[in-house]
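Asks: This structure is in structure tokens; I'll ask about it shortly.
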Amino acid sequence: MAEGLDELLDEVESKFCRPGPLRRGAAARPRGCGGGVLGTERDRAAAEETLRSAETFEKEDDLDSLINEIFEEPNLDKKPVKLKSKSSCNPSVRASTQSLGKSCSPVYLGGSTAPCGIGTNTSQRACDRLRCVACDFRVVSYDDCMWDQSCDYLFFRNNMPEFQKLRTKLVKKPGARAYACQCSWRTAEALTALQADPQLRWVCGRH
């Protein structure tokens, strides 16, 4: 009788007290019939809830890390790039820039004794920045010289602005100044307004 009862208890224990496998690597419950089938289901549900909580925590932690990377402050050790200012801080450069753009009015030609610079009605100076609007060459000048009477258009057309070739037609004359571009030439001995010679297409190229 006692032996049959033991066999019956073993059979009941094997059917109703054996723990079911937990999902995703959860630890198995030790053998025994402390909670029966209801205890096993409760443990399984608790294990699944714990696993879900762990996954949620990991997702939230990853999201926090991503947000921190996005809003992470830039490295303050890096030196800011300095942009160069277009304006000059050098007073001499600034002064020379401001002086550019002034032109003679009226424009004067003059001999070697006439001072050069910006010519005005009150300050008569020979312009040393003449430019020809016909040939688009800068007008050159040579002090204490005059052009030989044999000069012609082709001579200046072929030799401007090479002084070594132009000097073959220069004649020494103290007090005179020889002017020339690629298409015109003049010799001045006294201060003369350029408008007095309408054939010349020379203008002040601004100082």
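Asks: Given the protein chains as shown and a 1.4 Å probe, how many square angstrom of Trp147 are accessible, to the nearest 10?
Replies: 10
Asks: Which far-off residues, 5 or more places away or on another chain, put their amide H under 5 Å from the one on Gly175, with H placed in the peptide plane?
Replies: Ser112, Asp144
Asks: For Cys183 and Ser150, compute 0.36 nm times the residue count separating them, minus their Cα-Cα distance, and round to one decimal in nm.
Replies: Using 0.36 nm per residue and subtracting the Cα-Cα distance, I get 10.4 nm.
Asks: Using a 1.4 Å probe on the protein chains only, how many percent of the accessible area of the stretch 108-204 belongs to carbon and sulfur?
Replies: Result for the stretch 108-204: 47 percent of the exposed heavy-atom area is carbon or sulfur.
Asks: How much length is gained on full extension from Arg138 to Asp197, taking 0.36 nm per residue of separation minus their Cα-Cα distance?
Replies: Answer, rounded to one decimal: 19.4 nm.
Asks: Residue separation times 0.36 nm, minus the C-alpha to C-alpha distance between Arg167 and Arg206: what's the value?
Replies: 11.3 nm
Asks: Sticking with this structure for a sec: Return the Cα extents of the stretch 108-204 along principal axes one, two and three, sorted largest first, each rounded to a whole Å.
Replies: Reported extents, whole Å, longest axis first: 39, 29, 19.
The values are calculated or read from the model by the stated rules, or taken from the named source; none is laboratory data. As the structure is a prediction and not an experimental result, all values here were calculated from the model. The area values use the complete protein model at the heavy-atom level, side chains included, leaving out ligands, DNA and RNA. Shrake-Rupley method; radii C 1.70, N 1.55, O 1.52, S 1.80 Å.
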